[in-house]
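Asks: A single structure is presented below for examination.
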């Protein structure tokens, strides 16, 4: 086996997608050169440079930290085309015009190294037609890699070979896309709009068709086609606004132009209102108006007949909500079909037509039903793909119902369901998922890269080995997957809602570490699904607080601290494997673990001040200690150089917007590991534990003495607070809470430079925490958070 | 008024252009700026025996790091003054430069010296924080409510002044706009040319292409702060920085800057000996305290005190350099004392021209001296400013 290494990527085209793909490469420590045409005026790199500028401003940010933009070099074809030879992978992402692309291919081909990969990010043009425009020598190294917008956040990448793409190259590229860039790859045959957009755009067309047929308003449809049916909150039409109506129109046109013989072809046309909006430049979110328009604080919705905006505010009808609340999917669908309510009939119609379409087209557009379902999850944010929903609702029943509707002329097309539909009981089985070309069940890919995914995202009906339990209590489970590494490094997972940490979880962690110390080489704290942990379990604290049992509360905090110290001084490495939120107490677990292994999309922060408290599970202690240690290595030996930033981070309850930013903020340590693919988290965490164990791991010994910033430091931080309070930016209670943060970070009201112990620091933060609990304002904040779910400003 | 032994005269004054923080002087050290103006001001008196300079008094508001180590003495040595010429750094924040001139004059008045230099230097590029390299507050400030004003940022004190004296956002923005307009007009008319000693910046930069150190030279000849494109609409868009419901913005506050100024003073005996024509007679100086939380109002105490000391009436003063720390405090001072807006900062103020803290006093004396040289009708001129932690200072000069 030889290593496949991509040192540098060239991106051709500094448009929205090109620049953002470059940004995501930068997030993954992959250097890139971003090419565009030479600017007519000024700096010849002007176009690429402007694209880099706008990367810094976009929200949510395509960059894990804004300074990552430095890893993207702006360039232009005129001056720098020769530099293509530096690149191992070239991704073309220019406008969707066949002639332009072919022109460019001719221009760049001579400069592409014979061992480099050339890929196009086209969203719909035929890969084979594009391949024909490439010199013959380049074709074996040509394919499609279709990223979804925004590429940092959308997991899906479709990998589309042309006739003659080398099989090995595709496997290697899949490995790079999966591990290095952290994407979820689905291989798609070369069809118009490929896989996800083919189904996704059809689904939107079906929604549009039934919206018009039933005379529903856009906001009415959005109220019932979002989270209620397991799709994104932005539902259908608002999603179109976010994606861009021009992009939407283009995707529809690809279907119109290239699928004249599709049995649904008559429906492949953009509605008149879409043409009208695109013509007048109302392209959705990016232009401020589309199907919705923000007017002051109000959001208005388009009336497709008059093209005027009017009040919006439709809510899902109670009757429909009742039906959809049903946990039994079969019953849910039976009720939908039986209901006279127009919205229920609407929902059945849009599900039916998508089921019908994917069943008919499966043979052409996907290798198997799993690919299709996963593509819809990863590319369109559906909780389940269409086949999964169908299967959950009862395969045969739904098949019969679709058949009835086809016969009765209610479906969008009269094309018959393919015969295989009636031969199977479902498309997902233990043996694999249905492959319509061969009529067999196809197992998952055995590429080596997938051995790094110990628990790949399962589709409905797929059996997963849940491992064996070693020990558990009501809120945690210590267990092991049934594999080799599992024998040495067990996993600890929380069962609590959002993985909140209460006394039972604390007991569980302490016990698990004890067991790991006795019997294993290490321990990984990992949750099967994000978040890692939202922090202290306020619900469990509430009754103790309301009873005024402050001794009881102090005991809980003391146990939290005991847990943190147990992690820190565990005799075997304990790895926190983080994906999603790690807040408050969750962050303190991360801080005290031997190492953190974090997926890029880790949102880490000490947010206690939001509920009128301070980090007291060792969070403040740890920063007092770390700043003292860092300062001791400098000439001035001043811990304030570190404390000022971390004080602001804690006092403003800042949460990192990526794992890399968490490191920048000081919440992660240099030695903590950031990986791109959350599905590989457990694999990397266990290997990290094993690697540390192999290096004859010993925990750091407790420091003998810690020189703290003391009273002088507190006063310096307090100066900031005085100005914010007097400027009306923070309340008196904010001031009090933040001063407690300052006091804990500075080691209490002692002289600057006074030497204290770790336990002293823990005692200081614990006492301050309990003091705050005694205040009415903090109590009000806690209760508000529990009841409303948002911080109270008081 | 105390009895004077003799008068002190300003015989020369000059300054560097004032650069924006991290602007033209981003790679120039404040001690080099100081050495430059020391050389330039002494060069204005041909034949001056440098060894006769009794002392170099230099104001600096943050005398540490690059401008620490008694920057006055270092500047004098770097300027090539003989080893026998001593130097002392003094600090009263924003009035440091004016204080240096006043202290230099006082030494002459007392008969202790015949030739003195009062100067100021400050680089806010190298001193990033308004409180120096290491912020270290005394806990006592927070343990007693009456001391808490010490901790107030300058912007917050300006908000307090705006509130207390009812200075609206619109008035502040209009004042800022006028400061830019006057400064731009003065630059266009070349009115600063005589007082400025252009500075040749030499920067050692890595040339990554040729792998060599490239020395780049460029002249800084003009103040960088004034904006010809300043507009009321643009100013109105800026967000208040120091208070949630505030009115003080980056646009109606003074700019952070780098610069230096120096003033050469002589006794009557020295003037005769060198045969120089003095520009002005130093009349007096006053300083007074006000509550720290409304520090910007300081001149309201200092100016009347100075007028009482010198027996000069406000209406006799034809030119007032009133440092614009903030439009809010400048307007409050002008309204409270009834200062004539036409006579205050006729060539713009710190909002446009910049405010290199401890250097500003010496720089604005140089501007006033230049105005006195240009306008024979001008008799009395004043330089005044507010000072952090609640003080005001004012100095008076009479054209001779």
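No value in this document is a laboratory result; all are computed from the given coordinates. All values reported here derive from a predicted model rather than from experimental measurement. Neighbour counts run over all protein chains shown; Cβ positions are idealised from the backbone, glycine included.
Asks: Between the alpha-carbon centers of region A:486-549 and region A:1-19, tell me the distance in whole angstrom.
Replies: Comparing the Cα centres of region A:486-549 and region A:1-19, I get a distance of 40 Å.
Asks: Based on the mean of other beta carbon atoms within 10 Å per residue, what is the order of B:40-52, A:457-469, A:151-163, most packed first? All intermediate terms of the calculation are to be shown ahead of the outcome.
Replies: Working: B:40-52: 16.2, A:457-469: 14.4, A:151-163: 21.2.
Descending mean neighbour count gives A:151-163, B:40-52, A:457-469.
Asks: Moving to a separate point now. Per 10 Å bin, what is the whole-percent P(r) computed from every C-alpha pair distance within region A:318-365?
Replies: 27, 45, 21, 7
Asks: Which percent, nearest 5, of DSSP beta bridges in region A:438-594 are antiparallel? Please list the in-between numbers first.
Replies: Values: 8 of 16 bridges.
Expressed as a percentage, antiparallel bridges in region A:438-594 total about 50.
Asks: Something else now. Find the centroid of the Cα atoms in region A:684-737 and in region B:154-170, then give the distance between the two in whole Å.
Replies: 36
Asks: Here's a follow-up. How big is D for chain B, in µm² s⁻¹ as a whole number, if Stokes-Einstein is applied with the Kirkwood radius of its Cα pairs at 4 °C and 1.567 mPa s? Walk me through the intermediate numbers first.
Replies: Values: Rh = 21.0 Å.
Diffusion coefficient, whole number: 62 µm²/s.
Asks: At a 10 angstrom cut-off on C-beta neighbours, averaged per residue, how do the peptides A:348-358, B:354-364, A:97-107 rank from highest to lowest? Display every interim value, and only then the final one.
Replies: Numbers: A:348-358: 23.7, B:354-364: 33.5, A:97-107: 14.2.
In descending order of packing, they fall as B:354-364, A:348-358, A:97-107.
Asks: For chain A, find the longest principal axis of its Cα atoms and tell me its angle to the long axis of helix A:776-788, 0 to 90°, nearest 10.
Replies: 20
Asks: Over all residues in B:240-246, what is the mean tally of Cβ atoms on other chains that come within 10 Å of each residue's Cβ? Intermediate results must be reported in sequence, preceding the final value.
Replies: Working: counts 2, 1, 6, 6, 5, 3, 3.
Average per residue, whole number: 4.
Asks: Per-residue Cβ counts within 10 Å, from other chains only, averaged over B:131-144: what number is that?
Replies: 5
Asks: Follow-up question, since we're still on this one. Please report the antiparallel percentage of DSSP beta bridges with both residues in region A:8-187, rounded to the nearest 5. Don't skip to the end; give the middle numbers.
Replies: Details: 5 of 30 bridges.
Beta bridges within region A:8-187, antiparallel portion: roughly 15 percent.
Asks: Mean separation of Cα pairs under 8 Å and 6+ residues apart, divided by the residue count of region A:411-483: what relative contact order is that in percent? Please report the intermediate quantities before stating the final value.
Replies: Working: 61 pairs, mean separation 14.1, N = 73.
Relative contact order here is 19 percent.
Asks: Here's something else I'd like to know. What does the C-alpha gyration tensor say about the overall shape of the protein assembly as shown? Classify as rounded when a/c is under 1.5, otherwise prolate if a/b is larger than b/c, or oblate. Could the numbers behind the result be given before it?
Replies: On the way: a/c = 2.23, a/b = 1.82, b/c = 1.22.
Prolate.
Asks: Moving on. In peptide B:145-152, what is the residue-averaged number of other protein chain Cβ atoms found within 10 Å of each Cβ? Could the numbers behind the result be given before it?
Replies: Values: counts 0, 0, 0, 5, 2, 2, 9, 5.
The per-residue average across the peptide is 3.
Asks: Okay, helix-only estimate at 222 nm for chain A: each DSSP H run of n ≥ 4 adds -39500 (n - 2.57), divide by all residues, round to 500 deg cm²/dmol; what do you get? Intermediate values should be presented prior to the final figure.
Replies: Numbers: 30 runs with 346 residues, N = 794.
The helix-only estimate for chain A comes to -13500 deg cm²/dmol at 222 nm.
Asks: Give the Cα extents of region A:342-396 along the principal axes, in whole Å, largest first.
Replies: Taking max minus min along each principal axis of the Cα atoms, region A:342-396 gives 35, 23, 18 Å.
Asks: With no solvent and one equal point scatterer placed on each C-alpha of region A:8-187, evaluate the Debye formula and give log10 I(q)/I(0) for q = 0.15 Å⁻¹, two decimals.
Replies: -0.79
Asks: Now for a different question. Based on the alpha carbon coordinates of region A:196-442, what radius of gyration and maximum Cα-Cα distance (Dmax) apply, in Å?
Replies: For region A:196-442, the Cα-based Rg and Dmax read 17.9, 57 Å.
Asks: I'd like the distance separating the alpha-carbon centroids of region B:36-58 and region A:331-345, in whole Å.
Replies: Distance between centres, Cα-based: 96 Å.
Asks: Right, here's the next one. Rank by packing, highest mean first: peptides B:265-274, A:714-723, with packing defined as the count of other Cβ atoms within 10 Å averaged across residues.
Replies: Working: B:265-274: 19.5, A:714-723: 22.8.
Per-residue mean Cβ counts within 10 Å order the peptides as A:714-723, B:265-274.
Asks: Using a Debye calculation, one point per C-alpha and no hydration shell, please list log10 I(q)/I(0) for region A:157-280 at q = 0.21, 0.22 Å⁻¹ in order.
Replies: So the normalised log intensities are -1.21, -1.27.
Asks: Among DSSP beta bridges lying fully in the protein assembly as shown, give the percent that are antiparallel, nearest 5. Numbers along the way, then the final one.
Replies: Numbers: 78 of 140 bridges.
Here the antiparallel bridges make up roughly 55 percent for the protein assembly as shown.
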